[in-house]
Amino acid sequence: MNLKKIFSVNRFLGLEDQSDVIKSVFNRFLLFVLIENLVSGIASTFFILYVIDSVGFKQASIITSIILLVKLITDYPSGSLSDKIGQGKVMALSYLFYAIATFVLSFSDNFEMFVIVAIFLGLAYAQSSGTIFSWLDNNYQSLSNDLDSERKIYGYAKVRARMIYRTELGLVVLLGGFLSNYFSRIFVFRLESILAFIAIFLSMILLNNFYFTSIKEDQDDVSLFNHFKGGLSFFVSSKKVFLFLSGQSFYYSGWQIWLAIILFPFYFGYTGSDQVASILRSLIFFGGSIVVVVTAKLSKKFAKKDIGKIQSVYLVSQLLGIIIIMLLIEPTNTFNSLAFILVILLFNSTMVFSVIINSLEDRILVDMVPSENRNSVYSLMPTFSAFLAILFIPITGRLINKYNFVIGVAVVFVVCLLGTLMIFLSTTIKDGKQPITKTKKKLGIPS
């Protein structure tokens, strides 16, 4: 029995028949995402809870809006910078800002200090936005050529990779809750700062250059302004592109509202402590990892044009289920075993749709976006999403404060549904002339 073959990561990802250089691209991508999860996930369960406990819900909403505002202003320029100087350097800069933010956070106890934290976090999120995924997409598009024209191998490998890093994120979240409970939240924030500092150097090692060199060589002569302009020009290059990218932006702005001010208070409302909330999140991640494995092959059966329909089903089942749970069982910041079980069942059952959606998004974007502007475009969508979220988060926060969390979930549903409608409309438009990416086949593995 060949144990090495059985436990091969490439075999699990469905890449055993691919070239060594493609395997190496995915291995580096996966390793880097695992590092990123460790840095950004260990305190993610209780960050917003810590802010709310320190300054109150209303000011916590303002802090969240400041993070998104800074990200909004700097996200797209950061993407253009990444297209120019490379993803490794930009990710290193992101972790520098993250290390500073989490270190200052460990000493913060008033609104003014949290504003400083918010500024550095916004800068960190802007640098990392879309960076690692654009690195993967650029490399895969260049190396695969016509060997995977429908991008089904790519989509399958991304889905299976997602299972691995979701499982790891569940363990990281569990570790963060344990450390917070037995030491303190402050201890975890300082540990996070140290991990971010280490990640600065790992970014330079793992993402030090492209696996293909032709586009990198061509772009050395392209000004940063042209990179900046190129992403914007592509965004409005056709109705299909504009509707799809705008729809993605609206769709994920709704989920930003959910993540920023609803999700973690929702978890805490049925658990009552950081540790139990972390256990809840971990169980959702672990269950979701199993769903990802089971759904990976199923995702190949769907065409790219199905994405809008599946998003609609996902929105209705996920958000309507959340509203029903909240109406039947009021969140009281104490442990409720029935709600605990229902949340796990809901999140893991609807994960099937989320996996298929993510796979279809990957397959669409890898070919839709030209490599020379990929990071700019991948940053422009979150920039647009952040702009929309900045408008909606304070309003949603006030509605939650005045009424309840059900109203907040309803706002998320409406915003996401608008984005889904735009994406559906984009799939009804026939493909026009696509931007041409020049590639000269100079392949090599970075040292």
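Laboratory data are not the source of any read-out in this text; all were calculated from the coordinates shown. Because the structure is a prediction, the values reported are computed rather than measured. No Cβ is skipped: glycine too gets one built from the backbone with ideal geometry, and neighbour counts run over all protein chains shown.
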Starting with the fewest neighbours, write out THR428, THR64 ranked by other beta-carbon atoms found within 10 Å of each beta-carbon. THR428, THR64
Under the 0.36 nm per residue contour assumption, what length would be gained going from the current alpha-carbon distance of LEU328 and PHE57 to full extension? 95.2 nm
Principal axis dimensions, region 19-427 - Cα atoms, whole angstrom, descending: 57, 43, 37
With +1 on each Lys and Arg Cβ and -1 on each Asp and Glu Cβ, how big is the dipole of region 19-427 about its Cα centre, in debye rounded to the nearest 20? 800 debye
In what order do TRP135, TRP255 fall by count of nearby beta-carbon atoms within 10 Å, going from fewest to most? TRP255, TRP135
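Would you mind calculating the gained length between SER24 and ASN401 on full extension (0.36 nm times residue separation, minus the Cα-Cα distance), in nm to one decimal?
Length gained between SER24 and ASN401: 130.8 nm.
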Take the cross-link list LYS300/LYS430; LYS58/LYS309; LYS309/LYS430; LYS71/LYS158 and give me the ones stretching past 28 Å between alpha-carbons. LYS58/LYS309
Packing-based exposure ordering (other Cβ within 10 Å, fewest first) of VAL117, VAL9, VAL369: VAL9, VAL117, VAL369
At ILE205 and SER8, where each label point lies 7 Å from the Cα along Cα→Cβ, what is the point-to-point distance in nanometres? 2.6 nm
